[in-house]
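K.L.:
Handing you this structure, nothing more for now.
The values are calculated or read from the model by the stated rules, or taken from the named source; none is laboratory data. Since we're looking at a predicted model, the values are computed, not measured. Cβ coordinates were reconstructed from backbone atoms using ideal geometry, including for glycine residues, and neighbour counts include every protein chain displayed. Ligands, DNA and RNA are stripped out before the accessible areas are found, and what is left, the full protein with its side chains, is counted by its heavy atoms. Shrake-Rupley method; radii C 1.70, N 1.55, O 1.52, S 1.80 Å.
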Amino acid sequence: MACTPSVLGFGRPVHGDTTNISQAGLLLIDSGQPDLFYVDIFWSRGLFSSGAVEPLDSYIAKSKVLKTTDITPSLLSAFTYNGKIYGIPKDFNTLALFYNRDMFDVAKAPYPDEKDDWNSLTDKFRKVQAGLPGVYGIALAPEYARMGAFAYAAGFSVFDARGKSSVTGSQFREGFEFYTGLAKKGVGIMPADIGQGWGGGAFAAEKVAACLEGAWVIGFLRDQAPNLNYGATLLPKNPRTGQRGNLIFTVSWSMNAQSKHKQEAFQVLELLTSPEAQQWVLERGLALPSRQALIDNPYFKRADKEAAANYIVFRGASDGNVFPFEFAAYGDDWMTPINQVLSAVMSGEQTVDVALKEAQKRLDELMK
Amino acid sequence: MTEQDRRAGAENRKKLAARRRWAKAAAVYVLLLGFSLLFVGPMAFAMLSSLKDNPVEWPPGLGSPQLSLANWVAAARLGLAGGGTAFFGQFAPGAIVPFSITYEVDEGSEPETPIVRVPRRVPGAGPAAIIAEPFAADDAVVSEVREARRTTTDGVVRVTYEFDITHMGSDMVYGKLPLDIEVPMYQRFVRATLEPNRIERLGRVQSWNNVTSGVIPYVFYNYHRVFRENYSRATGKNLFLAWIRNSFMLAGIKVVTTLVVASMAGYALARLKFAGRKALFNLVLLSMMIPGQVTFVSNYLVLRDGIFGLTKLLGGGSLINTWTGYVVSTMVGGSAVFIMKQFFEGLPTELEESARIDGASVLATYSRIMLPLAGPALGALAILTFQGTWNEFFWPLVILTSPPDKYTLTLGLLSFRTTYAVAFDWGPMLAGTVMSALPIVVMFVVFQRYFVEGISFSGIKG
Amino acid sequence: MRAHGVSRAWEKAAPYILLAPFIFHITAFFGYAFVRTFYFSFTEYNLFASPRWVGLTNYVDLFRNVQFGRALKNSLQFAIIVTLAQTFLALILAVVMNSKVRGIRFFRAAYYMPSVTSSVVITLIFMWLFQRGGVINYLTTKFMEYRAPIGVFFLCLAAIQVLLVWRDRAGGWPASWFEPAFLLISSVFSFVLVLALQAARIIGPNPNVEVVRTVWLNTRQTVPAWAGALAVPRPLAAIMILNTWTTAPTMMLLFLAGLQDIPRELYEAAAVDGAAPAAAFRHITLPGLRNATFLVLSMGLISTLQMFDQVAIVGEQAPRESVITLAYFIYSNAFPGSAVPRIGAASAAAIVLAVFTMVLVS
């Protein structure tokens, strides 16, 4: 079966094990083993610039099945580098606000909804806390992968026209202050403070009324808290701009530039991103497929909580200021200074002013 | 001082000395026990916790429902009732599973009959999510829920409900019978036939993974998950078993190569005269000192290029991600040669000399006279090599990257970080660590002498 | 019989025949690799294109690199602290282990257990113990809660011990301050006393103690606070504890071998001369262990300087810069997450590590 392209997978959004990623990248060149592999957006720039990945434009131009217009544009552009398409988005995730219906019911607080802005949502959390002592409003991981959505809502963009980042500007600061302020006011809590590793864990343990996670939490809840009566809604709007922000976590199928069976590999790629394959993935509740036609899919109209939550995550990709979760060639290094000051501010070790100045200083060092 | 006094004094002193010897022994035992707690405690506690539904519970306790005799008996009974055995349960046609659950309410409010459901529970974690499995819910029918007993004490009403779950189908045998029982919030759960795996929705729902599991799957639920949820998505093969097999195989092969190569080299270095002996020995010492991180880039390239192109001549390619590559690059270590050299140097020379006088060749002397004497050293070396390979982390991390069924056990465990640590799912993680430590711990207990000898021989660990 | 010349040649070649596989291995995978690393450290190389000579640039850049500075500091701190701690602990263990009591084999096996299991297993277990809601914090909380009774216990113990020893010395017996028989008596009495006081509700656990929620891994804090620039990042401190714990038993065996080589007669002679056990330890045991100590220290330095596994396994659960070591720095430059390999930088750092090892050990 020499013609069967081998497929290698690596990387997962946000939490992925990063140690082997570039090795996998090297492997492509070393041994020409896998013909197709998947690329996490977070690591994509380094890999695409290395020349290990085959540009797909010419294949797509000839394809009868796969059209660029089929794919959600924001996803496709995330895998476009120097004007060339290097990967077909396989699936994606955005952040949604997951909330515990029982808690809101018991506390007689209204559910969070799409009309909420930052302030009205905070009020709802306060009502839950008033009715259910010992419970926190929301789990807040000290990570840019959550907080960034609020900065985007306030109009922040990672790189300005000159390719620099300013976190001391008013837009980033607005999001940063709101996010850390929730913790300082006692409305939110860092998961680690209640003995949990992440927001989903705190949510499943019913120690918080809400969490900010993507569709990955759905599978986790299925195992850990199958009966949890949750709902999901879009992130709240910034009261000043009236916009939401969000991050897209996505993975693409890409082709090995050294592959000996490129045509066959592309056929497999077509198959993997075909409407049938994506429908199957969707129905099993594994991930959200990248085809934009799926927004009208009957799956999303189902009455169960998982489908409803998936629908919210799907819509998150196209509502408000949405950016892919990647930082050009800087990768992890870009987020590190921010994550660092996030936890310092949320645990009361630093003031916002000092924190943002420090982060800016380190970003400037990084980007000089 | 009279003679009598002096004798009494000596008598006293003897008694005192005896008393002190006892006390000293007691003190030593107390110290020894204290240190054992320090060294074995964490691992023993991790082992106990690997059985728990929630290994990060607060406060962390020694006990868990999985360790209570009452639950074992219950699990065994339910396993039998489900049509399986007491140890391994199932849910088979014709099974009638009796179940009871007790709640309490404050006097004045009326307890409500609980809602009992056999849910269609789909696993959500990682690759387990795509295993298609029939649902017991298709054939399970829950009888009417009857109130069996009601008592009132101190203003608290306790009610026990009973029901049966019957397999109405004709041929399907299910591995699992999950269960959810729901009551209003004011109704507090007291106890059930089997302790629930979790209590959800602010106390409203008691939930079980599998009520007819039988004892073993009940106690070792996390272990079961490790095997079930780690399989290759490309081939469907069980990954955890593959990792164990790989580790055993590679460690076995490396023991053989190390014994052969190191005993030959050690003998030559210890007893034979040849040009460059001193330089070679210094190189051995240097290689023991220099960390693997210093040399790994070149070694990676050597394997990638097929050992200076040798494998290409033989029709092979890159040796990255191959066991051949791993074995060739690690077939012997400087420290193994060092151990053997030290050992051979410690042997008396007479035997050897008489053999030489009889005209035996060097190779014959080595293989017939010296090697049979090297038993203890070879044993120690074998054990240390096995342990070292089983536990090796850095070099496999560099050269064995994909596919996952090529991993060794240490790499496989590391991959648990993405499978389970993302969700801080410590149950299977601890179960995995316990299982991968087990073979080496057993081996250690059996061959303790060799371990200790190996270490003190040379002062060099594996 | 064959000609004499042939068999002579065979005899001459015999050492090389025996050594051939080993020489091939050590040359290809160590000698050649070491030389090549040295060469790479003067080049710019990404594993694909051929290396380009850049002279000393890599070394100069290295000492400007913030992360390298951290790695260097972490590695040195780690090596020095862990080596000292484990040597000390190993010595105590070995002395205790050297007593002639029944069942010593069992204890030896128990102590050695952490050393036989893999770094991955041990590190994962430690990550679990050091969780924010984990066992370490729980035990600390319990300790804080029972601070008062524990304090009273030790005060009582000291008081009773002093009384007993005084009484004995007044009676003319040579009693040491740590007389085991008295220690047992004092601890039993103190324990009973503490229980009685607790029952009488005079002392008891403090119910208002705040639960300890120390973040061990995901923090950039350093400990201890007063140490200033010398303070150790807390996650690294956790790894230090872990490493001391796993390696001390191995080192214990070396000390034990050393102890058993010291002739018993020396101690007997000392006892006849009326030397106190402490003096015997200082004048007989310690000099007798000189070789073992040297071995333990150098092996400790070699193994701690190359600490890699724990950093890689802890991964993103601790901030990279708080735990990065030279060995990990090398690896992460050779196989960086999101960029092309920087073999030049990695090799230069590798040479620095090698030099450090050789300097510290010799």
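K.L.:
Taking only C-alpha pairs under 8 Å that are 6+ residues apart, what is the relative contact order of the range B:239-458 in percent? Display every interim value, and only then the final one.
P.N.:
Details: 203 pairs, mean separation 71.7, N = 220.
Contact order relative to length: 33 percent.
K.L.:
In Å², what does the accessible area per residue of the range B:324-462 work out to with a 1.4 Å probe?
P.N.:
So the range B:324-462 comes to 32 Å² accessible per residue, rounded to a whole number.
K.L.:
Stokes-Einstein diffusion coefficient for the range C:42-103 at 25 °C in a medium of 0.890 mPa s, Rh from the Kirkwood formula over Cα pairs: what value in µm²/s? Let's see the in-between values first.
P.N.:
On the way: Rh = 15.8 Å.
In µm²/s, the coefficient rounds to 155.
K.L.:
Just tell me how shielded B:150-159 is by partners: mean number of partner chain Cβ atoms within 10 Å of each residue's Cβ, no decimals.
P.N.:
Shielding by partners across B:150-159 averages 0.
K.L.:
How big is the shadow of the Cα convex hull of the range C:147-199, averaged over all directions, in nm²?
P.N.:
The directionally averaged projection comes out at 3.5 nm².
K.L.:
I need the peptides A:298-306, A:240-248 ranked by packing, meaning the mean over residues of other C-beta atoms within 10 angstrom, with the highest value on top.
P.N.:
A:240-248, A:298-306
K.L.:
Give me the one-decimal nm value for the distance between modelled label points at B:K237 and A:K64, 7 Å along each residue's Cα-to-Cβ direction.
P.N.:
About 3.8 nm separates the two model spin labels.
K.L.:
Ratio of the range C:4-59's C-alpha Rg to 2.2 N^0.38 Å, to two decimals?
P.N.:
Working it through for the range C:4-59, the quotient is 1.88.
K.L.:
Return P(r) of chain B (all Cα-Cα pairs; 10 Å bins starting at 0; whole %; ordered from short to long distances).
P.N.:
Reading upward from the zero bin: 4, 14, 19, 17, 14, 13, 10, 6, 3, 1, 0.
K.L.:
Follow-up. Just subtract the alpha-carbon distance of C:V223 and C:Y59 from 0.36 nm times their residue separation and send over the number in nm, one decimal.
P.N.:
Gain in length upon complete extension: 56.0 nm.
K.L.:
Also, quick follow-up: What do you get for the angle between helix A:332-346 and the principal long axis of chain A? Use alpha-carbon atoms, 0 to 90 degrees, nearest ten.
P.N.:
For A:332-346 against chain A, the angle is about 10 degrees.
K.L.:
Okay, next question. Which residues in the range C:170-198 place their backbone N less than 14 Å from a point set 7 Å from the Cα of B:A26 along the Cα-to-Cβ direction?
P.N.:
C:179-192
K.L.:
Here's another thing I want to ask about it. May I ask you to evaluate 6.51 cos²θ - 1.76 cosθ + 1.60, the Karplus curve with θ = phi - 60°, for each residue of the range C:283-292 and list the ³J(HN,Hα) values in order in whole Hz, giving x for glycine and proline?
P.N.:
9, 10, 5, 4, x, x, 9, 4, 4, 4
K.L.:
If you don't mind, another one. Measure off 7 Å from each Cα along the Cα-to-Cβ vector at A:D364 and C:V101, then give the distance between these two points in nanometres to one decimal.
P.N.:
Result for the modelled spin labels: 6.4 nm.
K.L.:
On C-alpha positions alone, give me the angle between the axis of helix A:118-131 and the longest principal axis of chain A, in degrees, nearest 10.
P.N.:
For A:118-131 against chain A, the angle is about 60 degrees.
K.L.:
Dipole magnitude of the protein assembly as shown about its Cα centre, charges +1 at Lys/Arg Cβ and -1 at Asp/Glu Cβ only, in debye to the nearest 20?
P.N.:
Charge dipole of the protein assembly as shown: 2800 debye, to the nearest 20.
K.L.:
Would you calculate the separation in nanometres between label points at C:V359 and A:K164, each defined as 7 Å from the Cα along the Cα-to-beta-carbon direction?
P.N.:
With each label point 7 Å from Cα toward Cβ, the separation is 3.9 nm.
K.L.:
How big is the A-B contact in terms of buried accessible area, both chains counted, 1.4 Å probe, rounded to the nearest 100 Å²? Write down the numbers at each step before the final one.
P.N.:
On the way: alone 15730 and 25660 Å², together 38420 Å².
Summed over both sides, the interface buries about 3000 Å².
K.L.:
Please compute the Kirkwood hydrodynamic radius over the range B:221-348, one decimal place, Å, based on all pairs of different Cα atoms.
P.N.:
So the Kirkwood estimate lands at 17.5 Å.
K.L.:
Specify the residue with the greatest mean-square fluctuation among C:P205, C:P319, C:P233, computed from a Gaussian network of chain C linking alpha-carbon atoms under 10 Å apart.
P.N.:
C:P205
K.L.:
Other chains near B:298-310: what is the mean number of their Cβ atoms within 10 Å of each residue's Cβ?
P.N.:
For peptide B:298-310, the averaged partner shielding equals 4.
K.L.:
Run the 1.4 Å probe and let me know the accessible area of B:S109, rounded to the nearest 10 Å².
P.N.:
40
K.L.:
Would you mind getting me the FRET efficiency between C:A271 and B:S109? Use the beta-carbon distance for r and R0 = 60 Å, nearest 0.05.
P.N.:
Working: r = 79 Å, r/R0 = 1.31.
Efficiency for this residue pair is about 0.15.
K.L.:
Ignoring ligands, DNA and RNA and using a 1.4 Å probe, state the total buried accessible area between C and A in Å², rounded to the nearest 100.
P.N.:
Details: alone 22580 and 15730 Å², together 36620 Å².
Heavy-atom accessible area buried at this interface is about 1700 Å².
K.L.:
Any chance you could list P(r) for the range B:339-427, counting all Cα-Cα pairs in 10 angstrom bins from zero, rounded to whole %?
P.N.:
Distribution as computed: 14, 27, 18, 16, 14, 8, 3, 0 percent.
K.L.:
Then there's this: Give me the dipole magnitude in Debye, nearest 20, for chain B about the Cα centre, with unit charges on the beta carbon: positive for Lys and Arg, negative for Asp and Glu.
P.N.:
2060
K.L.:
Run the accessible area of the range B:65-219 with a 1.4 Å probe and give the carbon-and-sulfur part as a rounded percent. Write down the numbers at each step before the final one.
P.N.:
Working: 3790 of 6840 Å².
After summing per-atom areas, the C and S share lands at 55 percent.
K.L.:
Another question, if that's okay. Can you give the convex hull volume per residue for the Cα atoms of the range B:65-219, as a whole number of Å³?
P.N.:
Given the Cα convex hull of the range B:65-219, per-residue volume reads 114 Å³.
K.L.:
Now, a different point. Normalised by the number of residues in chain A, what is the relative contact order in percent for Cα pairs under 8 Å and 6+ residues apart?
P.N.:
Once normalised by length, the contact order is 27 percent.
K.L.:
Of A:A130, C:W166, A:F48, which is farthest towards the positive pole of the protein assembly as shown's charge dipole, taken about the Cα centre with +1 and -1 on the beta-carbons of Lys, Arg and Asp, Glu respectively?
P.N.:
C:W166
K.L.:
At 25 °C and a viscosity of 0.890 mPa s, what translational diffusion coefficient does Stokes-Einstein give for the range A:223-287, taking Rh as the Kirkwood radius over Cα pairs? Give it in µm²/s as a whole number.
P.N.:
Details: Rh = 16.2 Å.
The diffusion coefficient I find is 151 µm²/s.
K.L.:
May I ask for the percentage of alpha-carbon pairs in the range B:1-127 that lie more than 23 Å from each other?
P.N.:
More than 23 Å apart: 69 percent of the Cα pairs in the range B:1-127.
K.L.:
Which residues make up the longest stretch of chain B clear of trypsin sites (Lys or Arg not before Pro) that lie in a DSSP loop with no more than 15 other Cβ atoms within 10 Å, not counting the sites?
P.N.:
So the longest stretch without any such site is B:274-462.
K.L.:
I would also like to ask the following. With N set to the residue count of chain C, report its C-alpha Rg divided by 2.2 N^0.38 Å to two decimal places.
P.N.:
For chain C, the normalised Cα radius of gyration comes out at 1.34.
K.L.:
If you average over every viewing direction, what projected area does the convex hull of the Cα atoms of the range B:239-458 give, in nm²?
P.N.:
Here the figure is 14.7 nm², rounded to one decimal.
K.L.:
Next up: Which whole-number percent is the relative contact order of the range B:65-219 (Cα, under 8 Å, 6+ apart)? Can you show the working numbers first?
P.N.:
On the way: 362 pairs, mean separation 55.1, N = 155.
In percent, rounded to a whole number, it is 36.
K.L.:
If you don't mind, another one. Enter the mean number of other protein chain beta carbons within 10 Å of the beta carbon of each residue in A:94-104, as an integer.
P.N.:
Counting Cβ atoms of other protein chains within 10 Å of each residue's Cβ and averaging gives 1.
K.L.:
Have a look at C:P180, C:P287, C:P114 and tell me which one the Gaussian network model of chain C (Cα, springs below 10 Å) gives the largest fluctuation.
P.N.:
C:P180
K.L.:
Helix B:334-346 against the longest principal axis of chain B: what's the angle in degrees, Cα atoms only, rounded to the nearest 10?
P.N.:
Approximately 50 degrees, to the nearest ten.
K.L.:
In addition: With the cut-off at 24 Å, report for the range A:219-368 the share of all Cα pairs above it, as a whole percent.
P.N.:
For the range A:219-368, the share of Cα pairs beyond 24 Å comes to 57 percent.
K.L.:
A follow-up question, please. As an exercise, take the mean of 1/r over every pair of distinct alpha carbons in the range B:375-458, invert it, and state the Kirkwood radius in angstroms. Can you show the working numbers first?
P.N.:
Numbers: mean 1/r = 0.0695 Å⁻¹.
Result for the range B:375-458 stands at 14.4 Å.
K.L.:
Where does the protein assembly as shown land on Rg(C-alpha)/(2.2 N^0.38 Å)?
P.N.:
Normalised by 2.2 N^0.38 Å, the Cα Rg of the protein assembly as shown equals 1.03.
K.L.:
Now a separate question. From largest accessible area down, sort B:D5, B:D154; use a 1.4 Å probe on the protein chains.
P.N.:
Working: B:D5 90, B:D154 155 Å².
The ordering from most to least exposed comes out as B:D154, B:D5.
K.L.:
Here's a follow-up. Can you say what percent of the DSSP beta bridges in the protein assembly as shown, counting only those with both residues inside, are antiparallel? Round to 5.
P.N.:
Antiparallel bridges: around 85 percent, rounded to the nearest 5.
K.L.:
Residue-wise, which Karplus ³J(HN,Hα) couplings in Hz belong to the range B:143-149, taking 6.51 cos²θ - 1.76 cosθ + 1.60, θ = phi - 60°, and x for glycine or proline?
P.N.:
6, 4, 8, 9, 7, 9, 8
K.L.:
Taking 27 Å as the cut-off for C-alpha to C-alpha distance, list the pairs among A:K67/A:K262; B:K341/B:K406; A:K90/B:K312; A:K64/A:K262 that go past it.
P.N.:
Working: A:K67/A:K262 18 Å; B:K341/B:K406 34 Å; A:K90/B:K312 37 Å; A:K64/A:K262 16 Å.
As for pairs spanning more than 27 Å Cα to Cα, those are B:K341/B:K406; A:K90/B:K312.
K.L.:
Right, another one. Take B:E229, B:E144 and sort them by solvent-accessible surface of the protein heavy atoms, 1.4 Å probe, largest at the top. Please report the intermediate quantities before stating the final value.
P.N.:
Values: B:E229 10, B:E144 140 Å².
Sorted by accessible area, descending: B:E144, B:E229.
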